Amino acid sequence: MRKVLIEPSLLSANFSNLEKDIRQCEEGGADLLHLDIMDGRFVPNITFGPVVVEAIRRTTSLPLVCHLMIVEPERYIVDFVNAGADYISIHCEGQFHINRTLESIRTLGKKAGLALNPGTPLEFAFENAEYCDFILLMSVNPGFGGQSFIPSFLRRAETLKNFLIKSRLDNVLIEVDGGIKIENVQDAVRAGADMIVSGSGLFNGNIAENIRRMRAKIEKELNENSSKK
Ligand code: DX5
Ligand code: ZN
(Lines give C-alpha, C1' and ligand atoms only; values in the text may rest on other atoms or scores of the structure.)
(Ligands and ions follow the chains in the order given, each with its own letter.)
Protein backbone atom coordinates (compact mmCIF):
# COMPACT_ATOMS: atom_id res chain seq x y z
CA MET A 1 0.00 0.00 0.00
CA ARG A 2 1.52 3.29 -1.12
CA LYS A 3 2.10 5.84 1.62
CA VAL A 4 2.38 9.55 0.89
CA LEU A 5 4.08 11.70 3.51
CA ILE A 6 3.13 15.27 4.43
CA GLU A 7 6.09 17.53 5.12
CA PRO A 8 5.24 21.09 6.23
CA SER A 9 7.92 23.63 5.31
CA LEU A 10 8.73 25.78 8.33
CA LEU A 11 9.85 28.58 6.00
CA SER A 12 6.25 29.81 6.17
CA ALA A 13 5.92 29.32 9.94
CA ASN A 14 5.96 32.04 12.57
CA PHE A 15 9.64 32.26 13.50
CA SER A 16 8.91 34.22 16.66
CA ASN A 17 7.01 31.22 17.98
CA LEU A 18 8.17 28.19 16.04
CA GLU A 19 7.30 25.81 18.83
CA LYS A 20 3.61 26.69 18.64
CA ASP A 21 3.51 26.03 14.89
CA ILE A 22 5.45 22.79 15.29
CA ARG A 23 2.88 21.57 17.85
CA GLN A 24 0.18 22.35 15.31
CA CYS A 25 2.04 20.28 12.72
CA GLU A 26 2.22 17.39 15.17
CA GLU A 27 -1.44 17.71 16.07
CA GLY A 28 -2.43 17.68 12.39
CA GLY A 29 -0.46 14.48 11.81
CA ALA A 30 2.52 15.76 9.79
CA ASP A 31 4.95 12.96 8.95
CA LEU A 32 8.12 15.04 8.66
CA LEU A 33 9.25 18.65 8.96
CA HIS A 34 10.97 20.41 6.06
CA LEU A 35 13.75 22.88 6.91
CA ASP A 36 14.99 25.19 4.16
CA ILE A 37 18.65 26.09 4.53
CA MET A 38 19.60 29.00 2.25
CA ASP A 39 22.97 30.75 2.12
CA GLY A 40 22.44 33.82 -0.07
CA ARG A 41 24.74 32.30 -2.71
CA PHE A 42 23.10 29.19 -4.11
CA VAL A 43 19.84 31.09 -3.83
CA PRO A 44 19.39 34.84 -3.22
CA ASN A 45 17.75 34.35 0.16
CA ILE A 46 19.33 33.59 3.56
CA THR A 47 17.49 31.55 6.20
CA PHE A 48 19.14 29.68 9.07
CA GLY A 49 21.78 27.08 9.85
CA PRO A 50 22.54 24.21 12.24
CA VAL A 51 21.92 26.25 15.42
CA VAL A 52 18.24 26.65 14.57
CA VAL A 53 17.98 23.04 13.37
CA GLU A 54 19.31 21.97 16.75
CA ALA A 55 16.73 24.10 18.56
CA ILE A 56 13.95 22.56 16.44
CA ARG A 57 15.38 19.10 17.18
CA ARG A 58 14.95 19.73 20.89
CA THR A 59 11.34 20.75 20.30
CA THR A 60 10.00 17.75 18.38
CA SER A 61 10.56 14.09 17.66
CA LEU A 62 9.26 14.40 14.09
CA PRO A 63 11.93 13.48 11.52
CA LEU A 64 13.71 16.59 10.21
CA VAL A 65 14.41 16.98 6.49
CA CYS A 66 17.13 19.55 5.75
CA HIS A 67 16.92 20.91 2.21
CA LEU A 68 20.36 22.40 1.63
CA MET A 69 20.25 25.27 -0.86
CA ILE A 70 23.87 26.18 -0.23
CA VAL A 71 27.11 26.08 -2.19
CA GLU A 72 29.63 23.41 -1.17
CA PRO A 73 27.08 21.46 0.91
CA GLU A 74 29.68 18.73 1.49
CA ARG A 75 31.37 21.06 4.01
CA TYR A 76 28.30 21.14 6.25
CA ILE A 77 26.87 17.60 6.19
CA VAL A 78 28.38 16.65 9.56
CA ASP A 79 27.12 19.87 11.15
CA PHE A 80 23.55 19.23 10.05
CA VAL A 81 23.74 15.60 11.15
CA ASN A 82 25.03 16.68 14.56
CA ALA A 83 22.23 19.25 14.74
CA GLY A 84 19.68 16.45 14.35
CA ALA A 85 18.81 16.15 10.66
CA ASP A 86 17.33 12.78 9.69
CA TYR A 87 17.11 13.42 5.95
CA ILE A 88 19.45 15.71 3.99
CA SER A 89 19.04 16.78 0.38
CA ILE A 90 21.77 18.43 -1.67
CA HIS A 91 21.28 20.10 -5.03
CA CYS A 92 23.07 18.64 -8.04
CA GLU A 93 23.56 22.03 -9.72
CA GLY A 94 27.13 23.18 -9.25
CA GLN A 95 28.07 20.05 -7.31
CA PHE A 96 31.38 18.51 -8.33
CA HIS A 97 31.02 15.37 -6.18
CA ILE A 98 27.37 14.39 -6.12
CA ASN A 99 28.04 10.74 -5.52
CA ARG A 100 30.60 11.32 -2.78
CA THR A 101 28.37 13.73 -0.89
CA LEU A 102 25.33 11.44 -1.10
CA GLU A 103 27.42 8.56 0.19
CA SER A 104 28.73 10.65 3.05
CA ILE A 105 25.16 11.32 4.19
CA ARG A 106 24.37 7.61 4.13
CA THR A 107 27.61 6.72 5.89
CA LEU A 108 26.47 8.93 8.76
CA GLY A 109 23.28 6.86 8.92
CA LYS A 110 20.95 9.46 7.43
CA LYS A 111 18.64 9.48 4.41
CA ALA A 112 20.28 11.02 1.36
CA GLY A 113 18.40 13.06 -1.20
CA LEU A 114 19.33 14.69 -4.49
CA ALA A 115 17.48 17.88 -5.43
CA LEU A 116 16.89 19.10 -8.99
CA ASN A 117 15.74 22.57 -9.99
CA PRO A 118 12.88 22.66 -12.51
CA GLY A 119 15.27 23.30 -15.43
CA THR A 120 17.84 20.64 -14.53
CA PRO A 121 17.94 17.55 -16.78
CA LEU A 122 16.48 14.41 -15.20
CA GLU A 123 19.65 12.54 -16.18
CA PHE A 124 21.14 13.73 -12.88
CA ALA A 125 18.41 11.80 -11.09
CA PHE A 126 18.77 8.71 -13.30
CA GLU A 127 22.54 8.56 -12.80
CA ASN A 128 22.39 8.94 -9.03
CA ALA A 129 19.14 7.26 -8.04
CA GLU A 130 20.81 4.19 -6.60
CA TYR A 131 22.68 6.39 -4.11
CA CYS A 132 19.52 8.18 -3.01
CA ASP A 133 16.78 7.48 -0.50
CA PHE A 134 14.74 10.28 -2.05
CA ILE A 135 14.88 12.59 -5.04
CA LEU A 136 13.54 16.13 -4.76
CA LEU A 137 12.04 17.52 -7.94
CA MET A 138 11.58 21.23 -7.33
CA SER A 139 8.27 22.58 -8.59
CA VAL A 140 9.42 26.20 -8.22
CA ASN A 141 12.84 27.78 -8.60
CA PRO A 142 14.26 27.58 -5.08
CA GLY A 143 14.74 30.58 -2.83
CA PHE A 144 11.35 31.73 -1.62
CA GLY A 145 8.07 30.42 -0.28
CA GLY A 146 4.75 31.33 -1.81
CA GLN A 147 5.64 30.92 -5.50
CA SER A 148 3.40 29.30 -8.12
CA PHE A 149 3.66 25.61 -8.94
CA ILE A 150 5.53 24.94 -12.23
CA PRO A 151 3.50 22.24 -14.02
CA SER A 152 6.48 20.60 -15.77
CA PHE A 153 6.90 18.82 -12.42
CA LEU A 154 4.02 16.53 -13.39
CA ARG A 155 5.64 15.02 -16.49
CA ARG A 156 9.07 15.01 -14.82
CA ALA A 157 7.74 13.06 -11.84
CA GLU A 158 5.97 10.58 -14.11
CA THR A 159 9.15 10.00 -16.11
CA LEU A 160 11.22 9.59 -12.97
CA LYS A 161 8.67 7.23 -11.37
CA ASN A 162 8.68 5.02 -14.48
CA PHE A 163 12.47 5.00 -14.50
CA LEU A 164 12.60 4.01 -10.81
CA ILE A 165 10.11 1.20 -11.29
CA LYS A 166 11.91 -0.10 -14.40
CA SER A 167 15.25 0.03 -12.58
CA ARG A 168 13.87 -1.75 -9.51
CA LEU A 169 14.60 1.35 -7.46
CA ASP A 170 11.02 2.03 -6.47
CA ASN A 171 12.05 2.31 -2.82
CA VAL A 172 13.52 5.71 -3.77
CA LEU A 173 10.91 8.31 -2.84
CA ILE A 174 10.01 11.32 -4.99
CA GLU A 175 9.68 14.58 -3.08
CA VAL A 176 7.87 17.62 -4.46
CA ASP A 177 8.60 21.14 -3.17
CA GLY A 178 7.07 24.42 -4.24
CA GLY A 179 3.57 25.71 -4.80
CA ILE A 180 1.79 22.67 -3.37
CA LYS A 181 -1.57 23.46 -1.79
CA ILE A 182 -4.58 21.50 -0.63
CA GLU A 183 -6.14 22.28 -4.03
CA ASN A 184 -3.41 20.77 -6.23
CA VAL A 185 -1.91 18.06 -4.03
CA GLN A 186 -3.87 15.34 -5.84
CA ASP A 187 -2.14 16.21 -9.13
CA ALA A 188 1.27 15.84 -7.50
CA VAL A 189 0.33 12.50 -5.92
CA ARG A 190 -1.07 11.22 -9.22
CA ALA A 191 2.21 12.11 -10.93
CA GLY A 192 4.13 10.04 -8.37
CA ALA A 193 5.08 12.31 -5.45
CA ASP A 194 5.66 10.40 -2.20
CA MET A 195 6.84 13.29 0.02
CA ILE A 196 4.75 16.45 -0.15
CA VAL A 197 6.42 19.67 0.97
CA SER A 198 4.06 22.56 1.56
CA GLY A 199 4.72 25.92 3.17
CA SER A 200 2.31 28.73 2.36
CA GLY A 201 -0.33 26.12 1.55
CA LEU A 202 -0.43 24.98 5.20
CA PHE A 203 0.76 27.85 7.40
CA ASN A 204 -2.26 30.02 6.92
CA GLY A 205 -5.13 29.81 9.38
CA ASN A 206 -5.49 26.56 11.29
CA ILE A 207 -2.33 24.59 10.48
CA ALA A 208 -3.49 21.27 11.99
CA GLU A 209 -6.78 21.47 10.15
CA ASN A 210 -5.00 22.32 6.87
CA ILE A 211 -2.80 19.24 7.24
CA ARG A 212 -5.85 17.06 7.89
CA ARG A 213 -7.56 18.50 4.80
CA MET A 214 -4.47 17.84 2.71
CA ARG A 215 -4.35 14.27 4.07
CA ALA A 216 -7.97 13.74 3.06
CA LYS A 217 -7.20 14.86 -0.51
CA ILE A 218 -4.21 12.53 -0.66
CA GLU A 219 -6.27 9.58 0.62
CA LYS A 220 -8.98 10.38 -1.92
CA GLU A 221 -6.42 10.31 -4.72
CA LEU A 222 -4.86 7.06 -3.51
CA ASN A 223 -8.26 5.39 -3.19
CA GLU A 224 -9.44 6.57 -6.60
CA ASN A 225 -6.24 5.31 -8.19
CA SER A 226 -6.33 1.92 -6.55
CA SER A 227 -9.99 1.41 -7.48
CA LYS A 228 -9.08 1.99 -11.16
CA LYS A 229 -6.71 -0.98 -11.08
C1 DX5 B 1 11.58 27.10 -1.76
C2 DX5 B 1 11.66 26.12 -0.63
C3 DX5 B 1 10.37 25.55 -0.23
C4 DX5 B 1 9.34 26.53 0.25
C5 DX5 B 1 8.03 26.06 -0.30
O6 DX5 B 1 12.84 27.39 -2.20
O7 DX5 B 1 12.54 25.06 -0.96
O8 DX5 B 1 10.51 24.48 0.70
O9 DX5 B 1 9.23 26.64 1.64
O10 DX5 B 1 7.08 27.00 -0.02
P11 DX5 B 1 5.65 26.98 -0.73
O12 DX5 B 1 4.99 25.70 -0.37
O13 DX5 B 1 5.00 28.18 -0.15
O14 DX5 B 1 5.88 27.10 -2.22
ZN1 ZN C 1 12.52 23.32 0.40
Pairwise centroid distance, computed over Cα atoms, of the range 20-82 with the range 185-219, Å: 19 Å
Which value, in Å², gives the accessible area per residue of the range 85-229 when a 1.4 Å probe is used on the protein heavy atoms? 45 Å²
Please report, as a whole percent, how much of the solvent-accessible surface of the chain comes from carbon and sulfur atoms (probe radius 1.4 Å). 49 percent
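Kirkwood Rh and Cα-based Rg: tell me the resulting Rg over Rh for the chain, rounded to two decimals.
0.94
Just the ratio, please: alpha-carbon radius of gyration of the range 137-196 over 2.2 N^0.38 Å, N its number of residues. Let's see the in-between values first.
Numbers: Rg = 11.5 Å, N = 60, 2.2 N^0.38 = 10.4 Å.
Ratio of Rg to 2.2 N^0.38 Å for the range 137-196: 1.10.
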Efficiency of FRET between F96 and N206 - r from beta-carbon atoms, R0 41 angstrom, step 0.05: 0.35
Quick one: if you take sqrt(5λ) for each eigenvalue of the C-alpha gyration tensor of the range 80-131, what semi-axes come out, biggest first, whole angstrom? 20, 11, 9
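The values are calculated or read from the model by the stated rules, or taken from the named source; none is laboratory data. For clarity, every value in this text was computed on a predicted model and none was experimentally measured. All Cβ positions, glycine included, derive from the backbone under ideal geometry; neighbour counts span all protein chains shown. Please note that ligands, DNA and RNA were not included when accessible areas were found on the heavy atoms of the full protein model with its side chains. Shrake-Rupley method; radii C 1.70, N 1.55, O 1.52, S 1.80 Å.
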